[in-house]
Amino acid sequence: MLLTWMNRVMFATFIPAPARIGKNFTVGYWGLGIVIHTKTQIGDNCWIGQNVTIGRKGGDVGVPVIGNNVYIATGTVVVGEITVGDNCIIGANSFVSKSIPPCSLAFGSPAKVTRSITPAEWNELTKHK
């Protein structure tokens with residue numbers, strides 16, 4: 001709990017200890033402006049840009065579940081009882097309130113899947129993140 005509040009004060013971020021976060025989790029710019037709901041689940045090898053919010057949507061009980069190998073770019077809001085599948089890329093400043101299938105490239109407000117991506121493409125597209 002102390003670590004949660006130290007992050008809040010020092011880095012203007014809220015990544016609570018009870019959130020289930022997988023291995024190799026990376027945040028951009030020391031996590032500045034990131035807010036993650038306490039019950040959020042985030043898989044392995046995920047990268048979250050600064051100023052990203054992952055949380056509940058009004059009226060929903062559940063929160064997002066983020067798969068493995070997901071890149072969520074700067075300024076994105078992910079809310080509701082949704083799932084972001086494995087090997088996905090969510091573009092900057094997107095608003096995600098519906099589930100995103102695995103191996104998808106999605107962006108916009110509201111976010112829409114623009115195309116499918118292979119795991120090899122995911123590796124190529126995210127190697128410079």
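Which condition breaks for residue 117 when tested against (1) within 16 Å of residue 49 (Cβ to Cβ); (2) among the hydrophobic types (A, V, I, L, M, F, W, C); (3) crowded, with 17+ Cβ neighbours inside 10 Å?
(1)
When both residues are 6+ apart or on different chains and their Cβ atoms are under 8 Å apart, which pairs have a first residue that lies in the range 112-126 and is under 11 Å from residue 102 (Cβ atoms), and a second that is open to solvent by 90 Å² or more (accessible area, probe 1.4 Å)?
117/125
Out of (1) out of contact with any helix residue (DSSP H, G or I) (no Cβ under 6 Å at 6 or more places or on another chain); (2) among the aromatic types (Phe, Trp, Tyr); (3) at pLDDT below 95, the odd one out for residue 95 is which?
The failed condition is (3).
Just name the residue that is nearest to residue 85 (Cα to Cα) out of those in the range 115-129 that are of a type in the set (Val, Ile, Thr) and under 18 Å from the mean Cα position of the chain (by Cα).
Applying the first criterion (of a type in the set (Val, Ile, Thr)) to the range 115-129 yields 117-118, 126.
With under 18 Å from the mean Cα position of the chain (by Cα) added as a condition, the list becomes 117, 126.
Numbers: 117: 12, 126: 16 Å.
Residue satisfying both the conditions and the ranking: 117.
For the range 35-50, name all the residues that are open to solvent by less than 20 Å² (accessible area, probe 1.4 Å) and closer than 19 Å to residue 126 by Cβ.
Our first condition is that a residue be open to solvent by less than 20 Å² (accessible area, probe 1.4 Å); within the range 35-50, this holds for 36, 40, 42-43, 46, 48-49.
Result: 42, 43, 46, 48, 49.
How do the pairs read when you match residues in the range 9-34 that are within 17 Å of residue 47 (Cβ to Cβ) and open to solvent by 50 Å² or more (accessible area, probe 1.4 Å) with residues anywhere that are hydrophobic (A, V, I, L, M, F, W, C) and modelled with pLDDT of 90 or more, using Cβ under 6 Å and keeping only pairs 6 or more apart or on different chains?
21/42; 25/46; 26/47
Given the options 70, 77, name the one that is farther than 22 Å from residue 24 by Cβ, under 11 Å from the mean Cα position of the chain (by Cα) and surrounded by 18 or more Cβ atoms within 10 Å (Cβ to Cβ).
On the way: 70 fails: farther than 22 Å from residue 24 by Cβ.
The conditions single out 77.
The values are calculated or read from the model by the stated rules, or taken from the named source; none is laboratory data. Computed from a prediction, not measured in an experiment: that's the story for all the values here. No Cβ is skipped: glycine too gets one built from the backbone with ideal geometry, and neighbour counts run over all protein chains shown. Please note that ligands, DNA and RNA were not included when accessible areas were found on the heavy atoms of the full protein model with its side chains. Shrake-Rupley method; radii C 1.70, N 1.55, O 1.52, S 1.80 Å.
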